[in-house]
Amino acid sequence: MTNILLIGFMGVGKGTISREIVKQSGVIALDTDDIIESMEHCKIKKIFEEKGEAYFRDLERRVAIWLSHSVRDTLIATGGGFYKVPNLNLIGTVVYLYSDFDALYERILNHPNAKSKLKKRPLFNDVDKAKALFDMRAPEYERVADIVVDVRHKDAQKIAKEIIKKAMK
Ligand code: S3P
């Protein structure tokens, strides 16, 4: 198996779906936001506040280089902006999790941990800006994806099964 990258907008369920794929297949999984927090010994929210977004994007590019050189046979959940790294398709098979904006927004707001979910996602603090970002990114996600999985009206188990079938060879 090559690496599999899960890309898509904040709140689409990349983490939840990754955990479900692990459960069903036993694959080892990483998360680019977790890697960045470990590298910096600092939470994403604080990195954005203290160092700014450009600094965070630079860390994403460094993680991407490390992944493409050093990681194999792994499932990689990514932050919503990670798809922009220049070597994305060299890392592995790119799976875009698609949902519409309203469903994503609902999913974050209705989560029992909504407050902490929003903390990690400063770009979601202003809903109009988040919607504009979604509209701008949606075609870009599609452009870089090898496989598109529509996650609307499906539970994590079903989505995981679909990804295992389509992307894990
Ligand atoms: C971001 C998404 C976040 C996190 C950071 C930036 C983005 O990850 O990487 O707040 O640019 O969309 P999730 O997609 O896991 O929320």
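Within the range 123-166, being within 18 Å of Ile76 (Cβ to Cβ), open to solvent by less than 80 Å² (accessible area, probe 1.4 Å) and under 16 Å from the mean Cα position of the chain (by Cα) holds for Tyr141, Val144, Ala145, Ile147, Val148, Val149, Val151, Ala156, Ile159, Ala160, Ile163. Contact map, the range 2-13: residues that are on the phi > 0 side of the Ramachandran plot paired with residues that are within 9 Å of the ligand (Cβ to nearest atom), Cβ distance under 8 Å, separation 6+ or inter-chain. Pairs shown: Gly8/Lys14; Gly8/Gly80; Gly11/Ile108; Gly11/Lys117; Gly11/Arg121; Gly11/Phe124.
Somewhere in the range 49-61, is a residue more than 16 Å from the ligand (Cβ to nearest atom) and either out of contact with any Cys (no Cβ under 6 Å at 6 or more places or on another chain) or part of a helix (DSSP H, G or I) (or both)? No - not one qualifying residue is present in the range 49-61. Whether any residue in the range 156-164 is more than 17 Å from Gly13 (Cβ to Cβ) and of a type in the set (Lys, Arg) is what I want to check. Taking every residue of the range 156-164 in turn, none turns out to be more than 17 Å from Gly13 (Cβ to Cβ) and of a type in the set (Lys, Arg). With respect to the conditions (1) open to solvent by 40 Å² or more (accessible area, probe 1.4 Å); (2) closer than 26 Å to Glu37 by Cβ; (3) over 14 Å from the mean Cα position of the chain (by Cα); (4) within 13 Å of the ligand (Cβ to nearest atom), Lys120 lacks only one, and its number is (3).
A search for C-beta distances below 6 Å between a residue of the range 30-41 that is in contact (Cβ under 8 Å) with a residue 60 or more places away in the chain and any residue that is part of a loop (DSSP other than H, G, I, E, B) and away from the ligand (no atom under 13 Å from the Cβ), counting only pairs 6+ apart in sequence or on different chains, returns nothing.
The values are calculated or read from the model by the stated rules, or taken from the named source; none is laboratory data. Quantities reported herein were computed from a predicted structural model and do not represent experimental measurements. Please note: Cβ atoms are built from the backbone with ideal geometry, for glycine as well, and neighbour counts cover all protein chains shown. Just so you know, the surface numbers come from the protein's heavy atoms only, side chains and all, with ligands and any DNA or RNA stripped out. Shrake-Rupley method; radii C 1.70, N 1.55, O 1.52, S 1.80 Å.
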